[in-house]
Amino acid sequence: MKFYPHLLGFLFLWLTACKTAYIPVSQHQEKYKIESGIDSSSAIERMLKPYRDSLSSRMNEVIGTASDHFVKQKPSGSLGNLVSDAMLTAARKTDPACMGAVCNYGGIRIPQLSAGPVTVGRVFEMLPFDNELVLLKLPGSTLRQWCKLMAKAEGWPIAGFSFNYRDSVALSIRFDGQPFDIQDTATYTIVTNDYIANGGDQCSFLQPLSKIPLNILVRDAMLNDIRKRKTINPDLQERIHKIP
Amino acid sequence: MNRRRFIKQSAMGAALVTASQFPYEALATNTEWTRKLCILHTNDVHSRLDPFPMDGSANQGLGGVVAREKLIRSIREEEDQVLLLDAGDIFQGTPYFNFYKGEPEMKVMSMLRYDAATIGNHDFDNGIDGLVKQMAHADFPFVNCNYDFSGTPLESLMQPYTIMKRKGLKIGILGVGIALNGLVPNHLCENIVYHDPIVAANEIAHFLAVKKKCDYVICLSHLGFEYKDQKVSDKILAKESEYINLIIGGHTHTLLEQVHITKNVKNQDIFINQVGWAGMHVGRIDIYFDNKNRSDYVSKMTAIPVKETRA
């Protein structure tokens, strides 16, 4: 039998190059809750500080007072009412015939606004997206479709109108508290944000509609509204109501 | 950390639990192991660099990167094989993002030495160019395998997977993202083509486990934990996956009480975890390995009730 030293060498290399395989044999899990103050000595804190300081001067400005807690909830909540009311107020400055406002539930990003001073920073956290107000002229059939979507989502923040729903079907729509018979072919003016108007949050049916941009951020409409009113009171009206 | 010391600590930990609690920790380590990997993870941090303000709201004082850094540093002092991962939606939610467009977020994650992250829908809030600009501040890889970035500035910056070698262990990390249509305005994610995350993830996971011989495959997912309808989620991905060991999820801001344990197509255990949002929690999963053939694989894993630890 012949001896092949090069072959042996190759075999040796091949064997040693072969990675040891490991398989998981047990696992352990933990979860840490992160809570603490600012440690001024940390490198991260030193890196962040200049960013924070230049934000603070602007963000810490108090623009008004909340007389009580505002809560984000479905199907309706005082925080959603606050935002949608500010949208409607801003829109009516341009078009007094604007009948209502719709904001997507996910457009509001804090679970509650506490009673007390309201700062610019808190409004930024409430409405962080740079979305602008847009007026939509929509046929009644589309408005109905929209209400159906809001019913399916178990409620979005709205202003100017209200409705009940049962099993994802919107019923008895009212405008300004009055029963309202939506005509499929009539046109209705609603203000919303450009994210939804461009088809976001399952609203692709709004995409083909013509849009009138109001060139104001939803957040700026909210800031203006609080600045003007000074004290804001929670409106607990259940604008979207679930019938069991 | 060596095994002896760990067992000693586990025994001390077990002694502290109340009599009604079963000492799961002892059980978990009552198996021979030669390698240990400590996986730390976050998701949906949403620009929450500072803790929530002390304004009486439910989350006041929670979160903040200074405290997170302190926690991670202390874990790294104990553990030599740590992986720090994020499942996306790094951006959007505090004025930091409105004014600095994600720069401090990326700098902080680099300073915390994140090993990999995937991208979420909100990471496109300033468009592809906005994300690209901030990725210059990130010194960790971004993984996604179900978006086709061809012809976009992200093409050269995103990778379908990354492989981390840790003391003989080979860890494959891939990423999957949610359908952008209807979630991200078209003009912000133009020319990114979404593909089925299950198909893409299985293909990459097979490649990592079989071709690249990874010992463990982690999928960073921004699909969301679960939905009422049939929309693809981490739960669905897990059921239909083959070579993924662990899904680190995001998007739905789900704070899981415990790691969700389910079965993959081969009826093997697969784990899903997600830890809420805003960096209020950091998840930790320790995996103990032994050098055995893959054919010997038995899904012998023990889930431990979660301990909440304040940093």
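The values are calculated or read from the model by the stated rules, or taken from the named source; none is laboratory data. Keep in mind the model is a prediction, meaning the values are calculated, not measured. Ideal geometry is used to build each Cβ from the backbone, glycine not excepted, and the neighbour counts take in all protein chains shown. Surface accessibility is based on the protein's heavy atoms, side chains included, excluding ligands, DNA and RNA. Shrake-Rupley method; radii C 1.70, N 1.55, O 1.52, S 1.80 Å.
Shown is the FRET efficiency for A:SER204 and A:ARG58, computed with R0 = 45 Å from the Cβ-Cβ distance and rounded to the nearest 0.05: 0.75.
Rolling a 1.4 Å probe over the protein heavy atoms leaves A:LYS31 with an accessible area of roughly 10 Å². Each other residue within a Cβ distance under 13 Å of A:LEU88 adds +1 if Lys or Arg and -1 if Asp or Glu, for a net charge of -2.
Remark: accessible area buried at the B-A interface is about 6500 Å², both chains counted, probe radius 1.4 Å.
For the peptide B:58-68, the mean number of other protein chain Cβ atoms found within 10 angstrom of a residue's Cβ is 6. Note on B:HIS206 and B:SER156: the extension gain reaches 15.7 nm, defined as 0.36 nm multiplied by sequence separation minus the Cα-Cα distance.
Among the GluC sites (Glu not before Pro) found in segment A:116-170, those both in a DSSP coil and sparsely packed, with 16 or fewer other Cβ atoms within 10 Å of their Cβ, are A:GLU154. Taking 0.36 nm per residue of separation and subtracting the Cα-Cα distance, full extension of the segment from A:SER141 to A:ILE216 would add 24.2 nm. Are there residues in segment B:79-97 whose accessible area shrinks by at least 50 Å² when all protein chains are included rather than the chain by itself, and which are they (probe 1.4 Å, ligands and nucleic acids not counted)? At a threshold of 50 Å² (probe 1.4 Å), the residues of segment B:79-97 that become less exposed are B:PRO95, B:TYR96. With the simple spin-label model, which puts each label point 7 Å out from Cα in the Cβ direction, the A:ASP167 to B:LYS213 separation comes to 6.1 nm. In the context of the full protein assembly, A:THR187 retains an accessible surface of approximately 90 Å², using a probe radius of 1.4 Å and ignoring ligands and nucleic acids. Taking the DSSP beta bridges with both ends in chain A, the antiparallel portion is around 80 percent.
Label sites at B:HIS187 and A:LYS228, each approximated as a point 7 angstrom past Cα along Cα to Cβ, lie 2.7 nm apart.
Extending 7 Å from Cα along the Cβ direction at A:PHE175 and again at A:ILE38 yields two label points whose distance is 5.0 nm. Would you work out what percent of the accessible area of segment B:37-305, with all protein chains in place, is carbon or sulfur (probe 1.4 Å)? Carbon and sulfur atoms account for 49 percent of the accessible area of segment B:37-305.
Which sequence of B:THR254, B:THR118, A:THR20, A:THR94 reflects their accessible areas, 1.4 Å probe, from the largest down?
A:THR94, A:THR20, B:THR254, B:THR118
A probe of 1.4 angstrom, applied to the heavy atoms of all protein chains, finds B:HIS137 with accessible area near 60 square angstrom.
Put B:GLU190, A:GLU61 in order of accessible area, highest first, and with a 1.4 Å probe you get B:GLU190, A:GLU61.
Solvent-accessible area per residue in segment A:65-238 equals 41 Å², computed with a 1.4 angstrom probe and all protein chains kept.
Could you please put A:VAL120, A:VAL71 in sequence from largest to smallest accessible area, using a 1.4 Å probe? Spell out each step's value before the answer.
Numbers: A:VAL120 5, A:VAL71 50 Å².
Largest accessible area first, the list is A:VAL71, A:VAL120.
Taken about its Cα centre, chain A carries a charge dipole of about 400 debye when Lys and Arg each add +1 at the Cβ and Asp and Glu each add -1 at the Cβ. Overall dimensions of chain A, expressed as equivalent-ellipsoid semi-axes from the Cα gyration tensor (√(5λ), whole Å, largest first), are 51, 29, 19.
Structure remark: mean-square fluctuation, Gaussian network model of chain A, C-alpha springs under 10 Å; the largest value among A:TYR51, A:TYR195, A:TYR22 belongs to A:TYR22.
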